[in-house]
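**Q** Below you'll find the structure I mean.
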Amino acid sequence: MKKVSIAFLALFLAFTACQRVPLSNRNQLMLVNSSELLPMSFKSYREFLDTSKVDRSGSDVEMVRRVGRKIQKSVEDYLRETNNSDLIKGFQWEFNLVESKDINAFCMPGGKVVFYSGILPICKDEAGVAVVMGHEVAHAIASHGAERMSQGMLSQGILTAGQVGLGVAMSSKPQQTQQLYNSVYGMVAPAATQVGYLLPNSRRQESEADELGLTFIAKAGYDPQNAVGFWQRMAAASNGQKPPQFLSTHPADNTRIRDIKSHLPKAQKVFQASR
Ligand SMILES: [Zn+2]
């Protein structure tokens, strides 16, 4: 597709297929909405668990699930209070801990969360787990994956002018659409994807997830101040031989930490009110 027509298409779509991110109020391009992605997400999540070593019991699993349930409740309350409950329609929350040395965690559409045991030492304690959980869940609530899928569909020509929806994409280019999903949600190693030019999460999305995540954890009764310590520990972990997978998508630099500190006063008020 020529550059001009892509620009035109983007403009056209900007008026037709947008939604707003809660809290930041930013307009985002949505050619496919999060709820459409749920069946694909549930299937991928199941397949991922089936091929992973899932921890079934023990204090770490209990901690991850406890934090998950608290964050789930605070998200549900927050969205109800801000009239955004439709964002979690069809969610089937699940919180699993997978045994792996990799430092990673993610939340797929529909509230499907995975923690790798390798991230727990950097989380340090329950409050640190909450920081990561709040951040990853925030990506799902803000439909960041669906937004990146939409961008990918546009740039790869999976959908053309006037076409919207996962059904259309799947019926015309099923393989490419599935591949795009896998690369956006990290179901394959980044090096193996055909869409390496797609940024895992934009800086903007990261910042939104940090801010929303702070609100979620504060509302769940965790001191949002813990986020600063977590990102400092994550930054320190990057000094090792092999930088953590999580860091390749989540730069733990001074900009992020400064950004988080600037959101703390507001989050602290939410925290105080939750006690
Ligand atoms: Zn993130």
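**Q** Using R₀ = 35 Å, calculate the FRET efficiency as 1/(1 + (r/R₀)^6) where r is the Cβ-Cβ separation of T255 and S57; round to 0.05.
**A** Values: r = 40 Å, r/R0 = 1.14.
Efficiency, from the Cβ-Cβ distance: 0.30.
**Q** Working from Cα positions, state the angle (0 to 90°, nearest 10) between the long axis of helix 34-50 and the longest principal axis of the chain.
**A** That helix lies at roughly 60 degrees to the long axis.
**Q** Could you please report the charge total around S117, scoring K, R as +1 and D, E as -1 over all other residues with beta-carbon less than 10 angstrom from its beta-carbon? Don't skip to the answer; put the middle values down first.
**A** Working: positive: K53, K101; negative: D55, D60, E99, D102.
Result for the neighbourhood of S117: -2.
**Q** Any chance you could give the angle, 0 to 90 degrees and rounded to 10, that helix 203-219 forms with the longest Cα principal axis of the chain?
**A** With both axes taken from Cα atoms, the answer is about 40 degrees.
**Q** Quick one: net charge around N25, please, counting Lys, Arg +1 and Asp, Glu -1 for every other residue with C-beta under 15 Å from its C-beta.
**A** Working: positive: R20, R26, R204, K266; negative: E147, E208, E211.
Taking every other residue near N25 into account, the sum is +1.
**Q** Around E211, what is the net charge, scoring Lys/Arg as +1 and Asp/Glu as -1 over all other residues with Cβ under 9 Å from its Cβ?
**A** Working: positive: K266; negative: E208, D210, D259.
Residues close to E211 contribute a combined charge of -2.
**Q** Mind checking which of V67, Q245, Q176 is farthest towards the positive end of the chain's charge dipole, using Cβ charges of +1 (Lys, Arg) and -1 (Asp, Glu) about the Cα centre?
**A** Most positive-ward Cα: Q176.
**Q** Using Cα atoms only, what is the angle between the long axis of helix 254-274 and the major principal axis of the chain, expressed in degrees (0 to 90) to the nearest 10?
**A** Rounded to the nearest ten degrees, it is 70.
**Q** Looking only at P224, P121, P109, which one moves most when the chain is put into a Gaussian network model with springs between Cα atoms under 10 Å?
**A** P121
**Q** Which whole-number percent gives the relative contact order of region 203-268, counting Cα pairs below 8 Å spaced six or more residues apart?
**A** Details: 41 pairs, mean separation 30.1, N = 66.
Dividing the mean separation by the residue count of region 203-268 yields 46 percent.
**Q** Still on this structure: Need one number: nm distance between label points at Q175 and D102, each 7 Å from Cα along Cα→Cβ, rounded to one decimal.
**A** So the label points at Q175 and D102 sit 2.4 nm apart.
The numbers here are math on the coordinates, done by the rules we state, and not lab data. Being a predicted model, the structure only gives us computed values, none of them experimental. Don't worry about glycine lacking a Cβ; one is built from the backbone with ideal geometry, like all the others, and counts go over all protein chains shown.
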